[in-house]
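Since every read-out is calculated from the coordinates, none of them should be taken as a lab result. It should be emphasised that the depicted structure is a prediction, and the values quoted were computed from it without experimental measurement. Please note: Cβ atoms are built from the backbone with ideal geometry, for glycine as well, and neighbour counts cover all protein chains shown.
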Amino acid sequence: MQFPKWERVFEIVRKEFRVVVRDPRLRIVLIVPPILQSIIFGFAVNMDVEQARIGWHDGDGTPQSRELRMAFEGSGSFLLTHHLQQDAEANLLLNRGDVDAIVRVTPGFGRAILRGDTASVQMLIDGANSNTASIVGEYARRAISGYSHQVQVVQQGQRILARTQGKGPPVTLALPSVNAQSRVWFNENLVSRNYFVPGVVVNIIALVTLMLTALAIVREKEIGTMEQLIVTPIQPLELMLGKTIPFGLVGLFHVTMLTILARALFGVPFRGSLLVLYIASVLFLLTTLGVGLFISTMVRTQQQAMMATFFFFFPVLLLSGFAFPIRSMPEIVQWATYLNPVRYFMEIVRGLFLKGWGVMELWPQLLAMGVLGCTVILASASRFHKRLD
């Protein structure tokens, strides 16, 4: 085995950086798209429902129904946009998407409250977006539960007063109860941006390094300089290193830039170690650079390289847990995700940002990425040698 001469590798690396500096299109590709994607995902891709638009249909018209409406409006989670007079209006508003839900207070609501019976409230929720529907339903349950608690307190006080008037000291009629208090860890305000922005960092690094590596080598074939490189004293291993090292450095640059952007622009907390983040990034870059190298040996034009890159990237993105939990996928698909390096890097980055994980918690993911990265880079290097020879 002939070891690479690092002087030659350094010259190839310097040549690649010259290409990047001199080509304005490459400079734009390296800087502008990652920033734009992170901004778009950070601001536009927001699964939070801050205020749900609701329509109110009061079929009872009693003080109790009006108190329930005030409980909804006072919760801060609802914006009452429509007052309905007929049931047919509910279908029209939901079909047009003018409201997220309709609250219908049925006749007899106030009378049931005064008697101490169970009163019913109908919620019609737009379920086209299941995530929004579940959040709106939870908001409604909280508002109704708060109103119900107030009614119970008032009625209990009235019953105590009625039992004790003229009969000495008050008699306690309080019933034992359980008060559940929840506390959210890692993302206290349940801001979806804190969950998605670290995932965007992973996606951008994967796509940019994968595409640039594939295009850089195919570009040499298209312009006819690959044959010139082959007849020089440069060894295939030296050429491979010279072509991949620059884009590995570009990947680390994007890690730094996007991490700063996530903290400064979006306020996403970073609770982990930067050293662990860079170690994980290097292991992850072995896989993306290796796959890009493999693609470059299979195609002949830059257009084919881009198509092959996207063909590979989108399945691994969908199976990475970026938007859909892996545990909700079919079992056979869950097993397939163990071969997806993006899955492991996604878990590492989110763990570092939100949970402050260290090596003790992340060593399984780091080990898996190292094994996958070494396997992919060795397979790609073997094919790269054969195609050059």
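So, in the chain, how many Lys pairs have Cα atoms under 29 Å apart, if the pair is 8 or more places apart or on different chains?
10
So what's the Cα pair-distance distribution over the range 209-268, bin width 5 Å, in %?
Taking all Cα pairs of the range 209-268, the binned fractions are 4, 16, 19, 18, 13, 9, 7, 6, 5, 3, 0 percent.
Can you give the calculated 222 nm mean residue ellipticity of the chain, where each DSSP H run of n ≥ 4 adds -39,500 (n - 2.57) and the sum is split over every residue, rounded to the nearest 500 deg cm²/dmol?
-22000 deg cm²/dmol
Using r as the Cβ-Cβ distance of residue 275 and residue 14, and R0 as 22 Å, what FRET efficiency do you calculate, to the nearest 0.05?
0.20
If each of residue 300 and residue 48 carries a label point 7 Å out from its Cα toward its Cβ, how far apart are those two points in nm?
Once both label points are built, they end up 5.3 nm from each other.
Given axes a ≥ b ≥ c from the Cα gyration tensor, I'd like to know whether the range 187-336 is rounded (a/c under 1.5), prolate (a/b larger than b/c) or oblate.
prolate
Could you give me the ³J(HN,Hα) list for the range 8-16, computed from phi with Karplus coefficients 6.51, -1.76, 1.60 and θ = phi - 60°, whole Hz, x at Gly and Pro?
5, 4, 4, 5, 5, 4, 5, 5, 5
Could you calculate the contour length gain from residue 186 to residue 88, that is, 0.36 nm times the residue separation minus the distance between their Cα atoms, to one decimal place in nm? Don't skip to the answer; put the middle values down first.
Details: separation 98, 0.36 × 98 = 35.28 nm, distance 4.43 nm.
Full extension from residue 186 to residue 88 adds 30.8 nm.
Are there any GluC sites (Glu not before Pro) in the range 15-85 that are in a DSSP loop and have at most 14 other Cβ atoms within 10 Å? List them by number.
Within the range 15-85, the qualifying GluC sites (Glu not before Pro) (loop, at most 14 other Cβ atoms within 10 Å) are 50.
Would you mind telling me the antiparallel percentage of the DSSP bridges in the chain, rounded to 5? Provide the component values of the computation, followed by the final result.
Working: 5 of 16 bridges.
Antiparallel: roughly 30 percent of the beta bridges in the chain.
How big is the range 1-128 by Rg and Dmax over its Cα atoms, in Å?
29.9, 92
Shape verdict for the range 259-389, please, from the Cα gyration tensor: rounded (a/c under 1.5), prolate (a/b greater than b/c) or oblate.
prolate
Once you have the Cα-Cα distance between residue 245 and residue 282, take 0.36 nm times their residue separation minus that, and quote the gain in nm to one decimal.
My answer for the length gained is 12.2 nm.
Specify whether the C-alpha gyration tensor of the chain places it in the rounded, prolate or oblate class, a ≥ b ≥ c being the square roots of the eigenvalues: rounded for a/c under 1.5, otherwise prolate if a/b is larger than b/c and oblate if not.
Since a/c reaches 1.5 and a/b is larger than b/c, the shape of the chain is classed as prolate.
Find how much the distance from residue 117 to residue 31 grows on full extension, using 0.36 nm per residue of separation minus their present alpha carbon separation; answer in nm with one decimal.
Using 0.36 nm per residue and subtracting the Cα-Cα distance, I get 24.5 nm.
In 10 Å bins starting at 0, how do the alpha-carbon pair distances of the range 293-366 split up by percent?
18, 37, 30, 14, 1
Modelled label-to-label distance, residue 338 and residue 232, 7 Å Cα→beta-carbon offset: nm?
Going by the 7 Å Cα→Cβ label model, 4.4 nm.
Quick one: 3J(HN,Hα) in Hz for the range 84-98, Karplus 6.51/-1.76/1.60 with θ = phi - 60°, rounded, Gly and Pro as x.
9, 10, 10, 5, 5, 5, 5, 4, 5, 5, 5, 5, 7, x, 6
Label-point separation (nm) for residue 138 and residue 152, each offset 7 Å from Cα along Cα-to-Cβ?
2.1
In what sequence, highest mean first, do 141-148, 186-193 appear when ranked by Cβ atoms within 10 angstrom?
In descending order of packing, they fall as 141-148, 186-193.
When DSSP beta bridges are limited to those with both residues in the range 52-164, what percentage is antiparallel, rounded to the nearest 5?
30
Once amide H atoms are placed 1.01 Å from N in the peptide plane, what residues at a sequence separation of 5 or more from residue 84, or on another chain, have their amide H within under 5 Å of its amide H?
Sorted by chain and number, the residues that satisfy this are 56, 57, 58.
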